[in-house]
Amino acid sequence: MARLPRWIPDNSLVELSNRCTQGRFLLRPSRELDLAIAGVLARAMELYPVVVHALSVMSNHYHMLVTCPSTGVMSNFMKYFDRNVSIEVGKLYGWRGSLWQGRFHHAIVDDDPAIQIERLRYVLAQGVKEGLVYSPLEWPGINSAQQLISGEPLRGHWLDRTGMWAAKNRRKAFDPNDFIEETSVEFRPLPCWAHLDPAAVRHRVADLVDQIEHEARQTHERAGTRPAGIRKILARPPHFRPPKVKWAPGPRVLAATTTARWRLWRALQSVVTAYWQASQDYANGIKNVVFPEGTFPPGGPYVPSRADLRLGLV
């Protein structure tokens, strides 16, 4: 079955995710890898006009909430992020080949505050809902709950591998630390909270974390269990492959109500229908086929959207 074409409405809140190949724990928390991932994210945000609201990196997958001006910006941002994280993991853990099981997944999030808050809660609850820790604040790797509550940025290191490679080719002695740049990632409030002052946003995130912790303790008490804990999380080697990996196709649209979900789905479906019709005409040899804005024609350049044109991204 052919894949649905990538498309999001201009200036959309989007949930992004990807999983390591075979479900391996190649993103297992470690100080060096966490700094590298934060550095890659900071660099990607410098290159592409994307606003990041939340990020959680588990041992074999990640979730991110971002606002993207267009499909093209989202795709370029994710291509850069996934490719460079793959490089850093390969260098650190000796992994050859692609880090990811496939293309990243994206889901359009409705502008209803209820669903925006629900998706933020979902991203922050990573690691807790799997029964690994009691609180998002206990996760030993990257979970933006810590930064969203404290107001502090996520610190990282960006390694200029291009500059270091050029120095090696010149066969001159150099210090690798000369090519490391300190970076920081500022997580921005959800669109529905953009009008609030920073203290109010931090308070609301703290309330979400309290809810996550309360529900986790209730769940463990009912089941008579306890979280795996940090020691077990870090005990798994990065190349560990779990015997079973839960997988289910993710939704393409996320909304709080059926009406809103159908509205988003119809907008997506109209673009998909126009795209497949244009693809059929192109395959039949019709010239000057017009593909929908914000899509990638087969074998052709990206069709810029109005946001791309307005921002001068073409």
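The values are calculated or read from the model by the stated rules, or taken from the named source; none is laboratory data. Computed from a predicted model, the values in this text were never measured in an experiment. Glycine also receives a Cβ, built like all others from the backbone with ideal geometry; neighbour counts cover every protein chain displayed.
Could you say which residue among Gly285, Gly250, Gly229 is over 30 Å from Ser135 (Cα atoms) and either surrounded by 11 or more Cβ atoms within 10 Å (Cβ to Cβ) or free of Cβ contacts under 8 Å to residues at least 60 places away in the same chain (or both)?
Details: Gly250 fails: over 30 Å from Ser135 (Cα atoms); Gly229 fails: over 30 Å from Ser135 (Cα atoms).
Sole residue among the options that is over 30 Å from Ser135 (Cα atoms) and either surrounded by 11 or more Cβ atoms within 10 Å (Cβ to Cβ) or free of Cβ contacts under 8 Å to residues at least 60 places away in the same chain (or both): Gly285.
Show the residue pairs meeting these rules: Cβ distance below 9 Å; 6+ apart or different chains; first residue within the range 106-131 and crowded, with 20+ Cβ neighbours inside 10 Å; second residue of a type in the set (Asp, Glu) and assigned to a loop (DSSP other than H, G, I, E, B).
That search, which allows pairs on different chains as well, returns Gln116/Asp110.
This table checks each residue for (1) more than 23 Å from the chain's Cα centre (by Cα); (2) surrounded by fewer than 20 Cβ atoms within 10 Å (Cβ to Cβ).
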| residue | (1), (2) |
| --- | --- |
| Pro140 | no, yes |
| Gln147 | no, no |
| Gly151 | no, yes |
| Asp160 | no, yes |
| Met164 | yes, yes |
| Ala173 | yes, yes |
| Pro176 | yes, yes |
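Please count how many residues of the range 279-314 are in contact with a Pro (Cβ under 6 Å, 6 or more places away or on another chain), part of a loop (DSSP other than H, G, I, E, B) and either of a type in the set (S, T, N, Q) or within 22 Å of Val50 (Cα to Cα) (or both).
Residues meeting the conditions: 2.
Every residue in the range 182-220 that is β-branched (Val, Ile, Thr) and either part of a helix (DSSP H, G or I) or out of contact with any helix residue (DSSP H, G or I) (no Cβ under 7 Å at 6 or more places or on another chain) (or both), please.
Within the range 182-220, Val201, Val205, Val209, Ile212, Thr219 meet the criteria.
So, in the range 127-153, exactly how many residues are among the aliphatic types (A, V, I, L, M) and within 22 Å of Lys91 (Cα to Cα)?
Qualifying residue count, the range 127-153: 1.
Starting from residues that are surrounded by fewer than 17 Cβ atoms within 10 Å (Cβ to Cβ) and within 27 Å of Pro140 (Cβ to Cβ), keep the ones in the range 178-187 and report whichever is nearest to the chain's Cα centre (by Cα).
Glu186
Any idea which residue in the range 168-181 is modelled with the highest pLDDT, counting only those that are in a helix (DSSP H, G or I) and not polar (S, T, N, Q)?
Phe179
Look through Trp265, Trp276 and report the one residue that is among the aromatic types (Phe, Trp, Tyr), surrounded by 11 or more Cβ atoms within 10 Å (Cβ to Cβ), part of a helix (DSSP H, G or I) and under 23 Å from the mean Cα position of the chain (by Cα). Let's see the steps before the verdict.
Details: Trp276 fails: under 23 Å from the mean Cα position of the chain (by Cα).
Among Trp265, Trp276, only Trp265 is among the aromatic types (Phe, Trp, Tyr), surrounded by 11 or more Cβ atoms within 10 Å (Cβ to Cβ), part of a helix (DSSP H, G or I) and under 23 Å from the mean Cα position of the chain (by Cα).
Any chance you could count how many residues in the range 46-96 are of a type in the set (Ser, Thr, Tyr) and under 10 Å from the mean Cα position of the chain (by Cα)?
2
Look at Ser98 and say whether it is over 30 Å from Trp193 (Cα atoms) and part of a loop (DSSP other than H, G, I, E, B). Steps first, please.
Numbers: over 30 Å from Trp193 (Cα atoms): yes; part of a loop (DSSP other than H, G, I, E, B): yes.
So Ser98 fits the description; yes.
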